[in-house]
1. Below 16 Å, Cα to Cα, which aspartates and glutamates can residue B:86 reach? Residues fewer than 8 away in the same chain don't count.
2. Leaving out same-chain residues fewer than 8 places away, which lysines sit with a Cα under 17 Å from that of residue B:101?
3. First select every other residue whose beta carbon is under 12 angstrom from the beta carbon of residue A:176; then total the charges, Lys and Arg +1, Asp and Glu -1.
4. Once Rh for region B:53-122 is found with the Kirkwood sum over Cα pairs, what is the Stokes-Einstein diffusion coefficient at 4 °C and 1.567 mPa s, in µm²/s?
5. Over 10 Å intervals from 0, what percent of Cα-Cα pairs in region A:4-180 sits in each interval?
6. In sequence order, what are the phi-derived ³J(HN,Hα) couplings for region A:122-136 according to the Karplus relation 6.51 cos²θ - 1.76 cosθ + 1.60 with θ = phi - 60°, rounded to whole Hz, with x for glycine and proline?
7. Between the helical axis of B:6-20 and the dominant principal axis of chain B, each derived from Cα atoms, what acute angle in degrees is found, rounded to the nearest 10?
8. Could you tally up the Lys pairs in region A:4-180 with alpha carbons closer than 15 Å? Skip any pair fewer than 8 positions apart unless they're on separate chains.
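Since every read-out is calculated from the coordinates, none of them should be taken as a lab result. Just so it is clear, the model here is predicted, and its values are computed rather than measured. Cβ coordinates were reconstructed from backbone atoms using ideal geometry, including for glycine residues, and neighbour counts include every protein chain displayed.
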Amino acid sequence: MKELSLNILDIAQNSISANADLIYITVHENISENYLKIIISDNGKGMSKEFLKTVTDPFSTTRKTRKVGMGISLLKLVTEQTDGAFSIQSEIGVGTVVTAEFTLNHIDRPPLGDIEQTISTLISCNEHIDFVFTRKVNKNEFVLDTREIKKILNGVSLSEPDIIIWIQEYIKENENNLLEE
Amino acid sequence: MKSLADLEAIRQKTINKVNLRNENEGDTRIVVGMATCGIAAGARPVMQAFVEEIQKRNLNGVYVSQTGCVGLCKFEPIVEVYLPGKEKVTYINMTAEKAAKVVNEHIVNGNVISEYTIGNLE
Ligand SMILES: Nc1ncnc2c1ncn2[C@@H]1O[C@H](COP(=O)(O)OP(=O)(O)OP(=O)(O)O)[C@@H](O)[C@H]1O
Ligand SMILES: [Mg+2]
């Protein structure tokens, strides 16, 4: 994948398949410490200890339309290629946390890419799920919480194109502000 | 600078649009296939192209959503279009450019673009 935001879309897809109704996505870049960290956590059905041990292997999948899963093993590979670190924690009935850390200025680190498209896609396509997106640059952060948005929209659908575009612009603006500070 | 307060105005605008529509008109649904294979094959830009085109043309009652992998990986990105009262149309190997054409030709004018459909293969 050319952008990390596509990996994020893919990993969050696992949380959706696991019937999560609250998904946290955090993207944190720290320039002085030279890392970019992505954390995706959910309150979905979780995985057993045995399954978790094998989950970074592409042949470990519960999907039915294909014999290999790619999402997790792919992301792990990218962290390794950038001298980063990958971890996944999970507990049945509680949820799952995926953490991927990359060396920020590593030549092989893919760009973050259009994170606003990833987040707006997840939000608009999964209205029954709440998302908390945190974008952090050094010590400053911006948080988008769909529970707040839904309160204001009061029944109007998040899949209205006007709202999708608004969410994208809102994220982009706030992200640019963080990067300028 | 955008703020959460903008949402109140968008909400009002949307409610007004909905009220203008005839109750009997059904919604049009566009479903984009998006598992790992779909993303790798460029499903997100296809989804984005649909959203932008619908917003640009100010179309009412047209919604884009996603589905997981439908098991036809080599044809991804796949897009299914459901027009009210019509049979589902499946488009394969979609791109952002094709998505814009589907909105104009199929959604707005009602003409299926058969050269992009799965039926064209058989
Ligand atoms: N957040 C999660 N909660 C519960 N189970 C998970 C979660 N993430 C992954 N899994 C399990 O791990 C398996 C492997 O995930 P992975 O994303 O690598 O492949 P996949 O989802 O099966 O296929 P692909 O991502 O290629 O479409 C999944 O099939 C699922 O059983
Ligand atoms: Mg997956």
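1. Within the straight-line cut-off, residue B:86 pairs with B:25, B:27, B:105.
2. B:56
3. -3
4. So the translational diffusion coefficient is about 102 µm²/s.
5. 9, 37, 36, 16, 2
6. For region A:122-136, the Karplus curve yields 4, 5, 6, 8, 9, 5, 7, 10, 9, 10, 10, 9, 10, 10, 10 Hz.
7. Roughly 80 degrees between the two axes.
8. Counting lysine pairs in region A:4-180 gives 5.
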